[in-house]
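**Student:** Below: one structure in structure tokens.
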Amino acid sequence: MTSRNINFKHRVAVVGAGLTLFRSKLLETPQELAWLAAKQALDEAGLTLKDIDCVVIGSAPDAFDGVHMKGEYLAEGAGGIHKPAVRVFVGGATGVFVPIAAWWHVASGLCKKVLAVAEEKMSHAARPHTQYVFRYIWDPIVEKPLNPNLIWIFAMEMHRYMYKCGVKKEDIALVSVKNKRNACGHPSAQLCMPDITVDDVLKSEVLVWPVQLYDISPTSDGAAAVVLASEEEARRITDTPVWIKGIGWTLDTTHWTNRDLAYPEYVRRAAEMAYRMAGIDNPRKQIDVAEPYDPFDYKELHHMEGLGLAKKCEAPVLTREGVTQRDGDLPINPSGGLLGIGNPIAAAGLMKVAEIFWQLRGEAGARQVKKPVYTGLAQAWGDLMQAGTVIVMGV
Amino acid sequence: MRRVKYFPEVMEIEAYVYTAGPVGTKWLESLRAGKLTAAYCPKCGRLFLPPKMYCPFDFEEVKELREIAPVGVVETYTVVERDFYGEPLKERRVLAFIKFPGVEGGLIHYVKTDKPRVGMKVKPKWRDERKGLVTDIEYFEEA
Ligand SMILES: [Zn+2]
């Protein structure tokens, strides 16, 4: 397929990726986590910090790490000292927004080689619980007085999706089982569960019905990084660059009461933007492997539909039929996703981009999908649960 | 305050628990042992503070701390007259940025002196009971 990406000065490739362990608590400081991932990405590209022109940093709320102006704080570990460096932030969607922002640094001709780093250290926000950070995302007038819990939104969204599409919890639990099993092939994984069953998910603690413990990804510390380069540089650096073919991002209203809870419109629009750029008109056929954002099991289904990888209400059917398994016709989250590898917010999204990079290069090791793959997609979701970020990559 | 118009809220998590990092942890352990150390980069040979597991100059991995001579030089200082809440302190305190010869970076710490000056040589006054905190050095004093 030819790219319709003709208005940009430079084609942009990913030439290296790096990832720390994802764990509930890591000893390394946030700066050190950023460095671990950045260094690994540079090593993989065969570059050193001196080769990097610009740096893009992504991190979700300052309140997790407990350091205000986290972008500036992370800049040193991310390699941004004495270079043009910027932090981008769209909540949970940040991880995929980092390479999007890095893309325009290169596509514009402004920078030739960009280091893009995402980091999150949720364990610092220790007491009473990391979740408390989310107490302050609510509308202070109509929601806050009800003392809401973050999972409320997801419980209601999940239930709405189940109702509208006639989906059973058993069907949704299949996603969690698939991803937590997939994670066993990933060296960074926090929650590899090789023997987990649908029954285990259905019997796990009910948090806010219908959301149960194993429907949810854990809280994590971790960092991820990728190196982006212009075409000329990329061809010098590697024989196997992975091209960024399309990018897209959109916001819906912050009022979740004013959104279609059964269908993620914010993802559909972001995907359409990316597909237009990449020349994709039939994503189900043209995308070979995808990493949709899966902090909850039902969100993988939700997002597959928003991305056009399944028709409305069809994602649970594809899942049941095994289409989304690693050896299936459309492998979904072969990495193990957030449900399996862990969810250090911004780093989790960038982990997905790294996974597609490795899958398209045939370097995913035990996680490598069975069929040959040429075009892949990563997507994240966040802010007040209404930001969608999409990246399409190809070889 | 009219309740219908204003929604007061305190945006604080009850407690943050920070990690010091692998090299930072060693550095704190050496403080507890009464030793002043700095991170050592095997690539460029620089010694630097604050300690961390990478060299901020060339991105090399750093694992080693080296003991440094516990004699620093006051690079600049200030005199603190009031506490965090603006109340006058019983005793004014000298706060200095102290550099150590051959070490990049340095430490901020109290200096016990009536006559602070830039260029003053200072050494740490260690506490008898140390916990692995930067305050294991009670203050610096003229060397
Ligand atoms: Zn060095």
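**Student:** Counting only residues that are open to solvent by 80 Å² or more (accessible area, probe 1.4 Å) and hydroxyl-bearing (Ser, Thr, Tyr), which one in the stretch B:1-23 is farthest from the other protein chains (Cβ to nearest Cβ)?
**Tutor:** B:Tyr6
**Student:** Here's another thing I want to ask about it. Among the residues of the stretch B:24-63, which ones are on the phi > 0 side of the Ramachandran plot, surrounded by 14 or more Cβ atoms within 10 Å (Cβ to Cβ) and near the ligand (Cβ under 9 Å from one of its atoms)?
**Tutor:** Residues of the stretch B:24-63 that are on the phi > 0 side of the Ramachandran plot, as a first pass: B:34, B:45, B:59.
After this cut, where a residue has to be surrounded by 14 or more Cβ atoms within 10 Å (Cβ to Cβ) as well, the list is B:34, B:59.
Answer for the stretch B:24-63, where residues must be on the phi > 0 side of the Ramachandran plot, surrounded by 14 or more Cβ atoms within 10 Å (Cβ to Cβ) and near the ligand (Cβ under 9 Å from one of its atoms): just B:Phe59.
**Student:** Please go through the stretch A:124-162 and give me each residue that is assigned to a helix (DSSP H, G or I), open to solvent by less than 60 Å² (accessible area, probe 1.4 Å) and free of Cβ contacts under 8 Å to residues at least 40 places away in the same chain, ordered by number.
**Tutor:** Residues satisfying the conditions are A:Phe134, A:Lys144, A:Leu150.
**Student:** In this structure, is A:Asp43 within 14 Å of chain B (Cβ to nearest Cβ), open to solvent by 10 Å² or more (accessible area, probe 1.4 Å) and within 25 Å of A:Val373 (Cβ to Cβ)? Spell out how you get there, then give the answer.
**Tutor:** On the way: within 14 Å of chain B (Cβ to nearest Cβ): yes; open to solvent by 10 Å² or more (accessible area, probe 1.4 Å): yes; within 25 Å of A:Val373 (Cβ to Cβ): yes.
Yes, satisfied.
For (1) buried (at least 24 other Cβ atoms within 10 Å of the Cβ); (2) over 24 Å from A:Ile247 (Cβ atoms), each residue gets a yes or a no:
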{"site": "A:Arg23", "(1), (2)": "no, yes"}
{"site": "A:Pro30", "(1), (2)": "yes, yes"}
{"site": "A:Ala38", "(1), (2)": "yes, no"}
{"site": "A:Ser59", "(1), (2)": "yes, no"}
{"site": "A:Lys70", "(1), (2)": "yes, no"}
{"site": "A:Leu74", "(1), (2)": "yes, no"}
{"site": "A:Ile81", "(1), (2)": "no, yes"}
{"site": "A:Pro84", "(1), (2)": "no, no"}
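**Student:** Determine which member of the set A:Leu301, A:Leu338 is touching a Lys or Arg at 6+ places or on another chain (Cβ under 9 Å), crowded, with 22+ Cβ neighbours inside 10 Å and on the phi < 0 side of the Ramachandran plot.
**Tutor:** Working: A:Leu301 fails: touching a Lys or Arg at 6+ places or on another chain (Cβ under 9 Å).
The unique qualifying residue is A:Leu338.
**Student:** All but one of (1) within 26 Å of A:Lys121 (Cβ to Cβ); (2) open to solvent by less than 80 Å² (accessible area, probe 1.4 Å); (3) away from every other protein chain (no Cβ under 14 Å); (4) not acidic (Asp, Glu) hold for B:Ile108; which doesn't?
**Tutor:** (2)
**Student:** Answer with yes or no whether A:Ile332 is open to solvent by less than 10 Å² (accessible area, probe 1.4 Å), touching a Pro at 6+ places or on another chain (Cβ under 9 Å) and under 22 Å from A:Pro283 (Cα atoms).
**Tutor:** Numbers: open to solvent by less than 10 Å² (accessible area, probe 1.4 Å): yes; touching a Pro at 6+ places or on another chain (Cβ under 9 Å): yes; under 22 Å from A:Pro283 (Cα atoms): yes.
Yes; evaluated as a whole, the condition is true for this residue.
**Student:** Can you run down the residue pairs with Cβ atoms below 6 Å, 6 or more apart or on separate chains, where the first is in the stretch B:5-28 and closer than 24 Å to A:His129 by Cα and at pLDDT below 90 and the partner is assigned to a loop (DSSP other than H, G, I, E, B) and open to solvent by less than 70 Å² (accessible area, probe 1.4 Å)?
**Tutor:** The qualifying pairs are B:Phe7/A:Pro140; B:Glu14/A:Pro128; B:Tyr16/A:Gly66.
**Student:** In the stretch B:64-100, which residue that is within 16 Å of the ligand (Cβ to nearest atom) and open to solvent by 40 Å² or more (accessible area, probe 1.4 Å) is farthest from A:Glu28 (Cα to Cα)?
**Tutor:** B:Arg66
**Student:** With the stretch A:282-395 as the region, which helices (runs of 4 or more DSSP H) entirely inside it contain at least 1 residues that are free of Cβ contacts under 8 Å to residues at least 12 places away in the same chain and of a type in the set (A, V, I, L, M, F, W, C)? Step through it out loud before you land on a result.
**Tutor:** Working: elements: A:283-286, A:297-306, A:315-320, A:337-340, A:345-361.
Because the criterion is at least 1 residues that are free of Cβ contacts under 8 Å to residues at least 12 places away in the same chain and of a type in the set (A, V, I, L, M, F, W, C), the helices (runs of 4 or more DSSP H) in the stretch A:282-395 that meet it are A:315-320.
**Student:** Show me the strands (runs of 3 or more DSSP E) entirely contained within the stretch A:175-256 in which 2 or more residues are among the β-branched types (Val, Ile, Thr) and buried (at least 17 other Cβ atoms within 10 Å of the Cβ). Spell out the reasoning first.
**Tutor:** Details: elements: A:206-208, A:221-230, A:242-251.
The strands (runs of 3 or more DSSP E) meeting that bar are A:221-230, A:242-251.
The values are calculated or read from the model by the stated rules, or taken from the named source; none is laboratory data. Given the structure is predicted, the values throughout are model-derived calculations rather than measurements. Quick reminder, even Gly has a Cβ in these numbers, built from the backbone with ideal geometry, and neighbours come from all protein chains shown. With ligands, DNA and RNA removed, areas are computed over all heavy atoms of the protein, side chains included. Shrake-Rupley method; radii C 1.70, N 1.55, O 1.52, S 1.80 Å.
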